[in-house]
Amino acid sequence: MKKLSHIDNDGKARMVDVGDKPESHRIARATGFISLDRKTISLVRDGLVKKGDVITVAEIAGIQAAKQTAQLIPLCHNLLLTKVEVTCQVEDEGIRAESLVKCTGQTGVEMEALSAVSVALLTVYDMCKAVDKNMLIKEVRLVSKEKQEV
């Protein structure tokens with residue numbers, strides 16, 4: 001069994017030292033879904049949610065979340081992100097959020113991609129909670145990660 005990198009020899013949590021790792025181009029993609037009532041989907045599509053444009057606000061919130069990941073998750077490194085893209089698409093049963101995060105650095109951007117999707121979906125929830133009591137956030141997962149030598 002592989003040893004957890006964030007646990008020291010005494011079993012205590014620690015931040016991994018990536019200082020000796022070479023820089024590489026890192027890319028991660030994540031996805032997630034929030035199910036909505038049909039009425040709510042119609043309100044989102046027609047731009048009639050009282051809090052505003054659900055899709056645009058959720059996408060911007062996701063971008064902000066990716067940039068703040070190290071402040072949200074204690075053992076994550078601060079990264080200089082070179083690209084964050086969050087897209088939200090209305091589907092028949094709800095909204096799908098997808099993220100693409102890139103950086104050149106010594107550690108990956110998986111947590112940033114997952115944070116982006118999670119906060120985008122939470123933003124949809126927040127903006128629609130007055131009209132939909134049955135929303136369900138699900139299927140948040142990492143789709144892919146890549147590392148290319150510089």
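Ordering LEU142, ASN78, TYR125 by the projection of their Cα atoms onto the charge dipole of the chain, which places +1 on the Cβ of Lys and Arg and -1 on the Cβ of Asp and Glu, puts TYR125 at the extreme positive end. Taking amide hydrogens as placed 1.01 Å from N in the peptide plane, the amide H of GLY94 sits under 5 Å from those of LEU36, each at least 5 positions away in sequence or on another chain. Reported to the nearest whole Å, the Cα centre-to-centre distance from region 106-146 to region 1-59 is 5. When SER42, SER115, SER35 are sorted by how many other C-beta atoms sit within 10 angstrom of their C-beta, beginning with the fewest, the order is SER42, SER35, SER115. Within the shell defined by Cβ-Cβ distances under 15 Å, the residues around ALA28 carry a net charge of +3, with Lys and Arg each +1 and Asp and Glu each -1. Taking a label point 7 Å from the Cα of MET15 along the Cα→Cβ vector, which residues of region 123-150 have an amide N closer than 18 Å to it? So the set is empty, nothing qualifies.
Among LEU79, LEU121, LEU48, the largest mean-square fluctuation in a Gaussian network model of the chain (Cα springs under 10 Å) belongs to LEU48. Magnitude of the charge dipole for region 37-149, about its Cα centre and with charges confined to Cβ atoms of Lys, Arg (+1) and Asp, Glu (-1), is about 240 debye.
Remark: relative contact order (the chain) = 40 percent; criterion is Cα-Cα distance under 8 angstrom and separation of 6 or more residues. Working from label points 7 Å from Cα in the Cα-to-Cβ sense, the LYS133 to HIS77 distance is 4.8 nm.
The Cα atoms of the chain define a convex hull whose projected area, averaged across directions, is 10.5 nm². Quick one: Karplus J couplings for region 136-142, per residue in order, coefficients 6.51, -1.76, 1.60, θ = phi - 60°, nearest Hz, x for Gly and Pro? Each residue of region 136-142 in turn: 9, 8, 7, 6, 6, 7, 7 Hz. The modelled label-to-label distance between ASP8 and GLU146, using points 7 Å beyond Cα along the C-beta direction, is 3.7 nm. Using R0 = 30 Å, the C-beta based FRET efficiency linking GLN89 and SER24 works out to 0.50.
No lab work stands behind these numbers, since they all come straight from the coordinates. These figures come from a predicted structure and were not determined experimentally. When we count neighbours, we look across all protein chains shown, and the Cβ atoms used for this are built from the backbone with ideal geometry, even at glycine.
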